[in-house]
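Visitor: Sharing a structure, written as structure tokens. Questions coming.
The values are calculated or read from the model by the stated rules, or taken from the named source; none is laboratory data. What you see is a predicted model, and the numbers here were worked out from it, not measured in a lab. Here the Cβ positions follow ideal geometry from the backbone for every residue, glycine too, while neighbour counts run over all protein chains shown.
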Number of protein chains: 2
Amino acid sequence: MLNDTILNNTMLKTEYKKLKEKYCNELYSLQIDMMKAKIPMAIIVEGWGTAGKGKIISQIIDPLDPRYYRVYSKGSTCQQTVPFLKQYVEKMPCRDKLSIFDSCWYEYAFWNESTITKKSTIESINSIERQFSDDGCVIVKLFLHISKSEQKKRLQLIEKNENYINEYDNFINKHYNDFLEIVNNAIENTNKEYARWNVISGYDIYSATISVYEIIINAMKSALSKKDAEKTTIPVNYKDSDKRFPLIKMPLLKDIDPNVSVDENKYKDKLKQLQSKLSKRQEFLFKNQIPMVLVFEGWDAAGKGGSIKRVTSCLDPRDYTVIPISSPSSIELSHHYLWRFWKELPQQNKITIFDRSWYGRVMVERIEGFCDKNRWQMAYSEINEFEHEITKSGIILIKFWLHISPDEQLTRFKNRENNPAKQWKITDEDWRNRKKWDEYEIAVNDMLQKTSTKFAPWNIIECNNKKYGRLKILKTIIKEIDDHI
Amino acid sequence: MLNDTILNNTMLKTEYKKLKEKYCNELYSLQIDMMKAKIPMAIIVEGWGTAGKGKIISQIIDPLDPRYYRVYSKGSTCQQTVPFLKQYVEKMPCRDKLSIFDSCWYEYAFWNESTITKKSTIESINSIERQFSDDGCVIVKLFLHISKSEQKKRLQLIEKNENYINEYDNFINKHYNDFLEIVNNAIENTNKEYARWNVISGYDIYSATISVYEIIINAMKSALSKKDAEKTTIPVNYKDSDKRFPLIKMPLLKDIDPNVSVDENKYKDKLKQLQSKLSKRQEFLFKNQIPMVLVFEGWDAAGKGGSIKRVTSCLDPRDYTVIPISSPSSIELSHHYLWRFWKELPQQNKITIFDRSWYGRVMVERIEGFCDKNRWQMAYSEINEFEHEITKSGIILIKFWLHISPDEQLTRFKNRENNPAKQWKITDEDWRNRKKWDEYEIAVNDMLQKTSTKFAPWNIIECNNKKYGRLKILKTIIKEIDDHI
């Protein structure tokens, strides 16, 4: 809550100077410790226009080594993204860095009139802050508070001295009390254990600076001491999060017969017909600025590549991108595991096709032990939240699991080995994965059960007959687009 | 030249099918060879609207493995950058990849009315294509040609069938002959040995596809055979390029006395006064949307950090970014060495401060042998071209060389070693570099002589007295801004 009693906080210059020097030394060495301990940190500086956000950011960076932080200021309108979180997620710090945000996602919770519903925005923010916190990022949130009359005074002063009118700040000042209610409500609902709000008086820069230094120092010290203890259990924040997203009951793989065939004589005509339909649907999406994400997962040799080709061959290549997902680069590894997927989400009227996806977390990373058990167990919720953001923003999301039998896989592997043109497609890794079929089957069943939400259900495609699979995929995409529009 | 006789090229479907299969197999394996040989490739697909660029791109990617290419389509207006090349340079392929551009920088040479002068645009394009070619990138340029009447027919058909009017294409069709002259002129002037144009008929997709396949296959084969020979001499393209940019005669370091002092009593007042002036200048730049780049180079311990702090402490932290340059990451290494600097160029009304910069190429990389002699020798021209692009686009660029004597450096190194709070600032590398003072002095003198252009002269700052240096830097920035506006 924005508390007006704090507005009277002041500090004498002599006291300020003494404390500042002490805290600056401390901040400098804590920053190096954070960097060495590979703890990322995000400082979000919010507040009323003219409350002094710029000055506070100057004070924050004053003692810091510029190699380890970066200040992100309010973007131009050009940088608005779908989902709105995307632009900020991309700027979140990697393991040994500090990001300082002038406003961040609270732009949408506090000031942006075009946000569809404030409640949904707040849910998005809570989810993403919890995810980053669970991933080890320290989140410090500051709100610089001044009264309506003080803001008005400052705006008039700027107008007089600089001959500059900030129309939006003037608009906010005029409706100060309405905004006050919105901000108070948003602060109350985003003041979580893992990302607490700190309201600071914007009157006296001395006392504000010292308060901010103390907050950051405490946050760093607390993170460094926790790091020593190292979490091994699922963070508390995670509990019960599944209940938010009703799940669709999915069959187990063993109950699915991947042998469904197609009338060979009619295949070509049917394919052409569906591709022509899809082509028209894409034109519609393009003209109506609706982006789309297609996710292809499935057994090795299930036919992902061939299916993607049947989809893309009827699309304009300038409107889609195929993103083949392999093991993450060192930069990707130093971020939240969903970071590299956020970055690739399609904008405006584009289509992104993921050849494998974020589900690697609960399949290969789970089975090969690339991440802790609690990490992949958390991932189901994180992925549901991520997909909720995607669909909520208006992007169409369609997920496919391409299913074949172990026998069919063996036939295809051998076929690849015996065909010189296809040998590159089969590697030792494929054979190793095949040996773990049973483990993978458990993981896939878990994944299908836990991430088949109403807004992003899985489509299981029977693929022992490739042609059948391709037709079903095309039909599914067409149907999903039709349902959407 | 757009030659109308090619417009009659046609091909029978049977012949097309046979050739297509053959070429697709060849393209697929050549692509893998290119990837293995780490040869990047950029294919630029240009042409009249409705000439079939989308279809041709579809055909190009048809045989390719999606892991190794990416299609970049025309950006929205939001993505327009200064310099205009920036948006495309960022998308140029890394060592083992292929970028396919729907238009690329020719958007500005052919179709963009707002380009200030076509001549200057063409110079920019020639420079950047030569730079990428010299860096090993294969550039294939295709122009899909159709006649005015054919384009009109197609536009009318789209309007009728899809109820969609492409206003810009209609505008171009109306002024087809004017654009024809512009395109012909631009093609003629950018048809260089290292990046030849290929004009293809947009009438018959069969013959066009086969032509494009043949062009790409030849380009790949030629690059692969050249790779074996490996260039060891300076590429021919480089010769004489210096003459384009008149140089300012700079003194040798030995003729500069870094001992200039300042009236200690007046320093504080003078500093405050200059900072307040600079602060006003930044407001002006901000409001007038003028970006600025500051480059800080200098001897180790010359005072770059402290000087940058005196500059930034009077700026709004939301409007500038300090980019500390250290050794490149693996991703940066897999691109042209200027790529990581292009990416950081400030947009709109921002300031980028480089703490060390692209001059690493002709200093540390030269002296430590991180790049071949011909590579760093080429860099002077490349850097002049880069800086020419920066300044031409309206960005203010100011470069500083912070100069101290070897004795002063020794004093500062020892001081750092003896001061616990400053020990982190001194490393073994600093001592190693110090031993190479004479080599560095030669490199710095070369750099000052060869990259002090009229549009981006070096400012040598005498820094044995830090305070004098700081004041001179502030004065220089203020003067440069005043000269600019």
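Visitor: Do we find that B:SER307 is surrounded by 22 or more Cβ atoms within 10 Å (Cβ to Cβ), of a type outside the set (A, V, I, L, M, F, W, C) and either touching a residue at least 12 places away in the same chain (Cβ under 8 Å) or within 11 Å of chain A (Cβ to nearest Cβ) (or both) in this structure? It would help to see each step written out before you state the result.
Guide: Working: surrounded by 22 or more Cβ atoms within 10 Å (Cβ to Cβ): yes; of a type outside the set (A, V, I, L, M, F, W, C): yes; either touching a residue at least 12 places away in the same chain (Cβ under 8 Å) or within 11 Å of chain A (Cβ to nearest Cβ) (or both): yes.
Spelling it out, B:SER307 is indeed surrounded by 22 or more Cβ atoms within 10 Å (Cβ to Cβ), of a type outside the set (A, V, I, L, M, F, W, C) and either touching a residue at least 12 places away in the same chain (Cβ under 8 Å) or within 11 Å of chain A (Cβ to nearest Cβ) (or both).
Visitor: Scan B:THR10, B:THR50, B:THR14 and give me the residue that is free of Cβ contacts under 8 Å to residues at least 24 places away in the same chain and over 28 Å from the mean Cα position of the chain (by Cα). Please lay out each step first, then the result.
Guide: Values: B:THR10 fails: free of Cβ contacts under 8 Å to residues at least 24 places away in the same chain; B:THR50 fails: free of Cβ contacts under 8 Å to residues at least 24 places away in the same chain.
Sole residue among the options that is free of Cβ contacts under 8 Å to residues at least 24 places away in the same chain and over 28 Å from the mean Cα position of the chain (by Cα): B:THR14.
Visitor: Moving to a separate point now. Is it true that some residue in region A:118-135 is among the small types (Gly, Ala, Ser), outside the structural domain of A:GLY394 (by TED's automatic domain parsing) and farther than 26 Å from A:ARG244 by Cβ?
Guide: Of the residues in region A:118-135, the ones among the small types (Gly, Ala, Ser) are A:120, A:124, A:127, A:133.
In the following step, the residues that additionally are outside the structural domain of A:GLY394 (by TED's automatic domain parsing) were identified as A:120, A:124, A:127, A:133.
With the extra rule that they be farther than 26 Å from A:ARG244 by Cβ, the set shrinks to none.
No, the conditions are met nowhere in region A:118-135.
Visitor: Here's something else I'd like to know. Under the condition of being of a type in the set (Phe, Trp, Tyr) and not in a helix (DSSP H, G or I), which residue from region B:373-402 is nearest to the chain's Cα centre (by Cα)? Reasoning before the result, please.
Guide: Narrowing region B:373-402 to residues of a type in the set (Phe, Trp, Tyr): B:376, B:380, B:386, B:400-401.
Cutting the leftovers down to not in a helix (DSSP H, G or I) gives us B:400-401.
Details: B:PHE400: 21, B:TRP401: 22 Å.
For region B:373-402, the residue satisfying everything is B:PHE400.
Visitor: Quick check, is B:THR321 within 29 Å of A:PHE101 (Cα to Cα), hydroxyl-bearing (Ser, Thr, Tyr), within 14 Å of another protein chain (Cβ to nearest Cβ) and touching a residue at least 40 places away in the same chain (Cβ under 8 Å)? Don't jump to the end; show me each part of the working.
Guide: Details: within 29 Å of A:PHE101 (Cα to Cα): yes; hydroxyl-bearing (Ser, Thr, Tyr): yes; within 14 Å of another protein chain (Cβ to nearest Cβ): yes; touching a residue at least 40 places away in the same chain (Cβ under 8 Å): no.
Answer is no for this residue.
Visitor: Let me ask you something else. Restricting attention to region B:412-428, does a residue exist that is touching a residue at least 12 places away in the same chain (Cβ under 8 Å), aliphatic (A, V, I, L, M), surrounded by 15 or more Cβ atoms within 10 Å (Cβ to Cβ) and outside any loop (DSSP other than H, G, I, E, B)?
Guide: no
Visitor: Additional query: Across region B:454-485, which residue is surrounded by the fewest Cβ atoms within 10 Å (Cβ to Cβ) among those that are assigned to a helix (DSSP H, G or I) and among the basic types (Lys, Arg)?
Guide: Our first condition is that a residue be assigned to a helix (DSSP H, G or I); within region B:454-485, this holds for B:466-484.
With among the basic types (Lys, Arg) added as a condition, the list becomes B:466-467, B:470, B:472, B:475, B:479.
Working: B:LYS466: 18, B:LYS467: 20, B:ARG470: 25, B:LYS472: 22, B:LYS475: 15, B:LYS479: 13.
By that ranking, first place goes to B:LYS479.
Visitor: Also: Out of all the residues in region B:259-304, which are under 30 Å from B:ASN415 (Cα atoms), touching a residue at least 60 places away in the same chain (Cβ under 8 Å) and among the polar types (S, T, N, Q)?
Guide: Matches in region B:259-304: B:ASN259, B:SER261, B:GLN275.
Visitor: Kindly list the number of the only condition in (1) more than 14 Å from every other protein chain (Cβ to nearest Cβ); (2) of a type in the set (A, V, I, L, M); (3) over 19 Å from A:ILE442 (Cβ atoms) that fails for A:LEU315.
Guide: Going through the list (1) more than 14 Å from every other protein chain (Cβ to nearest Cβ); (2) of a type in the set (A, V, I, L, M); (3) over 19 Å from A:ILE442 (Cβ atoms), A:LEU315 breaks only (1).
Visitor: Across region B:286-319, which residue is farthest from the chain's Cα centre (by Cα) among those that are farther than 30 Å from B:ILE256 by Cα and at pLDDT 95 or above?
Guide: So the first thing to find is which residues in region B:286-319 are farther than 30 Å from B:ILE256 by Cα, and the list is B:286-291, B:315-319.
So of that shortlist, the ones also at pLDDT 95 or above come out as B:290-291.
On the way: B:ILE290: 19, B:PRO291: 17 Å.
Here the residue is B:ILE290.
Visitor: Tally up the residues in region A:319-359 that are assigned to a helix (DSSP H, G or I) and either more than 20 Å from A:CYS94 (Cα to Cα) or aliphatic (A, V, I, L, M) (or both), please. Walk me through how you get there before you give the answer.
Guide: Initial filter on region A:319-359 (assigned to a helix (DSSP H, G or I)): A:330-333, A:339-342, A:358-359.
Okay, now just the ones that are also either more than 20 Å from A:CYS94 (Cα to Cα) or aliphatic (A, V, I, L, M) (or both), so A:331, A:333, A:359.
Number satisfying all stated conditions: 3.
Visitor: Sticking with this structure for a sec: So which helices (runs of 4 or more DSSP H) stay within region B:1-108 end to end and still have 1 or more residues that are within 16 Å of B:THR209 (Cα to Cα) and within 14 Å of another protein chain (Cβ to nearest Cβ)? Before the answer, list the steps.
Guide: Numbers: elements: B:13-36, B:53-61, B:86-89.
Ranges flagged: B:13-36, B:53-61.
Visitor: Which of (1) part of a helix (DSSP H, G or I); (2) surrounded by 14 or more Cβ atoms within 10 Å (Cβ to Cβ); (3) without any contact (Cβ under 8 Å) to a residue 60 or more places away in the chain does A:LYS119 not meet, given it meets every other one?
Guide: A:LYS119 satisfies every listed condition except (2).
Conditions (1) under 21 Å from the mean Cα position of the chain (by Cα); (2) surrounded by 15 or more Cβ atoms within 10 Å (Cβ to Cβ); (3) of a type outside the set (A, V, I, L, M, F, W, C), marked per residue:
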residue: B:LEU64; (1), (2), (3): no, yes, no
residue: B:ARG67; (1), (2), (3): no, yes, yes
residue: B:VAL71; (1), (2), (3): yes, yes, no
residue: B:THR81; (1), (2), (3): yes, yes, yes
residue: B:SER99; (1), (2), (3): yes, yes, yes
residue: B:CYS104; (1), (2), (3): yes, yes, no
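Visitor: So which residues in region B:143-175 are away from chain A (no Cβ under 14 Å) and closer than 23 Å to B:ILE125 by Cα?
Guide: Across region B:143-175, the qualifying residues are B:PHE143, B:HIS145, B:ILE172.
Visitor: Which count do you get for residues in region A:162-210 that are loosely packed, with under 13 Cβ neighbours inside 10 Å, among the aliphatic types (A, V, I, L, M) and touching a residue at least 60 places away in the same chain (Cβ under 8 Å)?
Guide: Matching residues across region A:162-210 total 0.
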